[in-house]
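First up is the structure itself, then whatever we jot down about it.
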Amino acid sequence: MTDTTSTTQTKKPPTGLTRTIYDWGTSLKSPTPYLMTFGIFLWIGAYYLFVEGWELPRFNKLPGPVEVITEFLNPDPDWGMSLFTAEFYDHVFVSCRRILIAFAIATGVGVPLGLFMGWSKTFRDYSFPILETLRPIPILAWVPLAILMFSGLETPVIYLATLASLFVTTLNTLLGVDSIDEEYFRAANCLGSKPHHVFMHIVVPGALPFIFTGLQISIGVAWFSLVAAEMVSGEFGLGYLIVDAYMNITYVIMVIAMLTLGFVGWLSSALVRIAGNRLMQWRVRALALEGR
Amino acid sequence: MNTQQTNQSNLPSDNKATLELRNISRTFGDEWEREEIIKDLSLTVNPSQLTVIVGPSGCGKSTLVNLIAGFDRPDAGEILLNSKKITDPGNDRMVVFQETALIPWQTTLENVVFGPNLRGDRTAEEVEAEANRLLDKVGLAEFKEKYPIQLSGGMQRRAELARAMINNPLVMIMDEPFRGLDAMSRELMQEFFVRLFEENQKTNLFVTSEIEEAIYLADRLIILSNRPTSVRSIIDIELPRPRDFHMLSSPEAYEYKREAMEILHEEAMKSFHREDNSSAAAE
């Protein structure tokens, strides 16, 4: 371990764009990107053969990859929706805005809530039973309540997405505080910390790894419940688009909306992961030493 | 050199502290199953001395450290630091633990400046200058921007020493600090530690289960009895200072070692028999 640390000392690590290019270069030398590409093509190939090639029963009603991709890249789409129509972006934008609002509220409330629950035994005793009772209620069971409580179309949808993501964030943050080793609390106390110091320097940073794991799950859950909510009530958004396309028998649009959802969802959790790594340099180093 | 001067001019008495434990008892368990860990234990850690505590394994050494650190309170008796009763953790006593307790999300330097910056009794620049000086002293100047996980075991121990020393505690408490290090690092750390002590002569309580380590370091060796723990015997180690490893092969050191081993063996045998008795009773 001494050796590795002293060699990095002599050579200054590159930063910014140079670093990014360097990292890309290194990753091209590993099998990972090639395996990923191969995996994607394998999947698309199977999809093509099942649906368009062999036209297997059960699959033959579905739009195949060729049909979907042609339509998606068509400047003048047959079914009225592709990468070149403003309507497509309207739906994506509406869903993303809802997710952003829901995720922001859920994080803004859930993280502090979880931190306090983990930190204060009294507060935890008050709030934990309620959290544990409300949390298992499936998000679809909240739909009637959401419609009763909130007027309009926008608020109930955001409310449902927020709720689902809030429970995940809170619970993970709470577990994050629980996961902190007692030794660090002792060390901090020994060094003369007041309770607010312990909170700021031990509880918050110590819980961060769990918080970010929680946020990655919670943004996924937010998408999940958003789409469910959009399917039930709404006139825009990707979830609505899927149901609408199904009703109108425009199955190609349905698949386009599904794939878009997958892509946007993946992008959003990647952003959360990047934010987490920026905030937790110590953990990035720790994982790097373990060869991950 | 500089240190000693500043230490002596600013805080003339800070290495002349006395730690006293008077009739300490500590029991764990509920009303059906009580286990008396420490019973009526009294000892004094003399000012500017390195007092080493050894005892058979499982005799409650860590419980004792927790009491002195203020993480736990005795059921009876009191602990006095310069005649002031100890009730809570405080920066007048610095504990270096068995396992590393460096805060993983702070760099080495951040760990060292953490205590003084919380209290704000010195400016951040003063603290950082002092931290750099201490890190240099423990040979970690190059590693101050590294996170604890990037340091080797021995380096972590030294970083922890620096983090403790910057707080100018009245007494240093070391709870088996070199446990888990490989033999070579352990020897180097012992040598480093004994130099450090001889330089600043700060009242020090060192807990270990290694008898050679104890004799090499100690001015006074306190041997604990088996559970319920109390002081079994005290040996004054009159090897000259500065210490070096050759002294461990001197006839005096051998005699100390033999004496201590004999007592420890006797105590360890008691715990053996007690286990026999209790398992027999269980059957």
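Within the option set B:PRO89, B:PRO104, being within 16 Å of the chain's Cα centre (by Cα) and within 16 Å of A:ILE202 (Cβ to Cβ) holds for one residue only, B:PRO89. For segment B:162-180, the criterion of being more than 10 Å from every other protein chain (Cβ to nearest Cβ), within 21 Å of A:GLY192 (Cβ to Cβ) and among the charged types (D, E, K, R) is met by at least one residue.
Kindly check whether there is at least one residue in segment A:229-248 that is closer than 26 Å to A:ILE158 by Cβ, polar (S, T, N, Q), away from chain B (no Cβ under 14 Å) and in a helix (DSSP H, G or I). Within segment A:229-248 (the criterion being closer than 26 Å to A:ILE158 by Cβ, polar (S, T, N, Q), away from chain B (no Cβ under 14 Å) and in a helix (DSSP H, G or I)), the answer is no, since none of the residues qualifies. Whenever a residue of segment A:17-43 is modelled with pLDDT under 85, its partners that are in a helix (DSSP H, G or I), lying with C-beta atoms within less than 8 angstrom and at least six residues away or across chains, give the pairs A:SER27/A:PRO33. Look at segment B:125-152: where a residue is within 14 Å of chain A (Cβ to nearest Cβ) and closer than 16 Å to B:ILE103 by Cα, no partner that is open to solvent by less than 10 Å² (accessible area, probe 1.4 Å) and aromatic (Phe, Trp, Tyr) sits 6+ places away or on another chain with Cβ atoms under 9 Å. State whether one or more residues within segment A:258-271 are in a helix (DSSP H, G or I), within 14 Å of another protein chain (Cβ to nearest Cβ), at pLDDT 90 or above and within 30 Å of B:GLU110 (Cα to Cα). The answer is no, given that none of the residues of segment A:258-271 is in a helix (DSSP H, G or I), within 14 Å of another protein chain (Cβ to nearest Cβ), at pLDDT 90 or above and within 30 Å of B:GLU110 (Cα to Cα).
Of all residues in segment A:92-115, those that are open to solvent by less than 10 Å² (accessible area, probe 1.4 Å) and not aliphatic (A, V, I, L, M) total 4.
Results for (1) within 17 Å of the chain's Cα centre (by Cα); (2) over 17 Å from A:SER269 (Cα atoms), shown as yes or no for each residue.
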| position | (1), (2) |
| --- | --- |
| A:THR107 | yes, no |
| A:GLY110 | yes, yes |
| A:MET117 | no, yes |
| A:PHE128 | no, yes |
| A:PRO138 | no, yes |
| A:LEU148 | no, yes |
| A:ALA161 | yes, no |
| A:PHE167 | yes, yes |
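Exactly one residue out of A:ILE219, A:ILE202 is touching a Ser or Thr at 6+ places or on another chain (Cβ under 9 Å), within 14 Å of chain B (Cβ to nearest Cβ), part of a helix (DSSP H, G or I) and open to solvent by less than 20 Å² (accessible area, probe 1.4 Å): that is A:ILE202. Scanning segment B:169-196 for residues that are more than 15 Å from the chain's Cα centre (by Cα) and either among the hydroxyl-bearing types (Ser, Thr, Tyr) or under 17 Å from B:ASN91 (Cα atoms) (or both) yields one hit, B:SER185. In segment B:78-124, which residues are within 7 Å of chain A (Cβ to nearest Cβ) and of a type outside the set (A, V, I, L, M, F, W, C)? If the condition is that a residue be within 7 Å of chain A (Cβ to nearest Cβ) and of a type outside the set (A, V, I, L, M, F, W, C), then B:PRO89, B:GLY90, B:ASN91, B:GLU99, B:PRO104, B:GLY115, B:ARG119 are the ones that fit. Would you check if there is a residue in segment A:131-152 being in contact with a helix residue (DSSP H, G or I) (Cβ under 7 Å, 6 or more places away or on another chain), modelled with pLDDT of 90 or more, away from chain B (no Cβ under 14 Å) and open to solvent by less than 20 Å² (accessible area, probe 1.4 Å)? Looking for residues that are in contact with a helix residue (DSSP H, G or I) (Cβ under 7 Å, 6 or more places away or on another chain), modelled with pLDDT of 90 or more, away from chain B (no Cβ under 14 Å) and open to solvent by less than 20 Å² (accessible area, probe 1.4 Å), one finds at least one in segment A:131-152, hence yes. Looking across segment B:141-173, the residues that are aliphatic (A, V, I, L, M) and part of a helix (DSSP H, G or I) come down to B:ALA141, B:ILE149, B:MET155, B:ALA159, B:LEU161, B:ALA162, B:ALA164, B:MET165.
For B:PRO228, the requirement of being open to solvent by 20 Å² or more (accessible area, probe 1.4 Å), touching a residue at least 40 places away in the same chain (Cβ under 8 Å), closer than 27 Å to B:LEU140 by Cβ and touching an Asp or Glu at 6+ places or on another chain (Cβ under 7 Å) is not met.
No other residue among B:LEU43, B:LEU67 is within 14 Å of another protein chain (Cβ to nearest Cβ) and of a type outside the set (S, T, N, Q) apart from B:LEU67.
Among residues of segment A:173-192 being over 28 Å from B:LEU161 (Cα atoms) and surrounded by 23 or more Cβ atoms within 10 Å (Cβ to Cβ), the one that is farthest from the other protein chains (Cβ to nearest Cβ) is A:LEU174. The numbered conditions (1) closer than 25 Å to B:GLN98 by Cα; (2) in a helix (DSSP H, G or I) are all true for A:GLY192 except (2).
For segment B:174-226, filtering for residues that are in a loop (DSSP other than H, G, I, E, B), within 21 Å of B:SER48 (Cβ to Cβ) and hydroxyl-bearing (Ser, Thr, Tyr) leaves 1. Just for segment A:55-90: of the residues that are open to solvent by less than 30 Å² (accessible area, probe 1.4 Å) and among the small types (Gly, Ala, Ser), which one is modelled with the lowest pLDDT? Across segment A:55-90, the extreme among qualifying residues is A:SER82. Within this structure, A:ILE158 fails the test of being modelled with pLDDT of 90 or more and within 14 Å of another protein chain (Cβ to nearest Cβ).
The values are calculated or read from the model by the stated rules, or taken from the named source; none is laboratory data. Since the structure is predicted, the reported quantities are computational estimates derived from the model, not experimental observations. Positions of Cβ are backbone-derived with ideal geometry, glycine not excepted, and every protein chain shown enters the neighbour counts. SASA here: full protein model, heavy atoms, side chains in, ligands and nucleic acids out. Shrake-Rupley method; radii C 1.70, N 1.55, O 1.52, S 1.80 Å.
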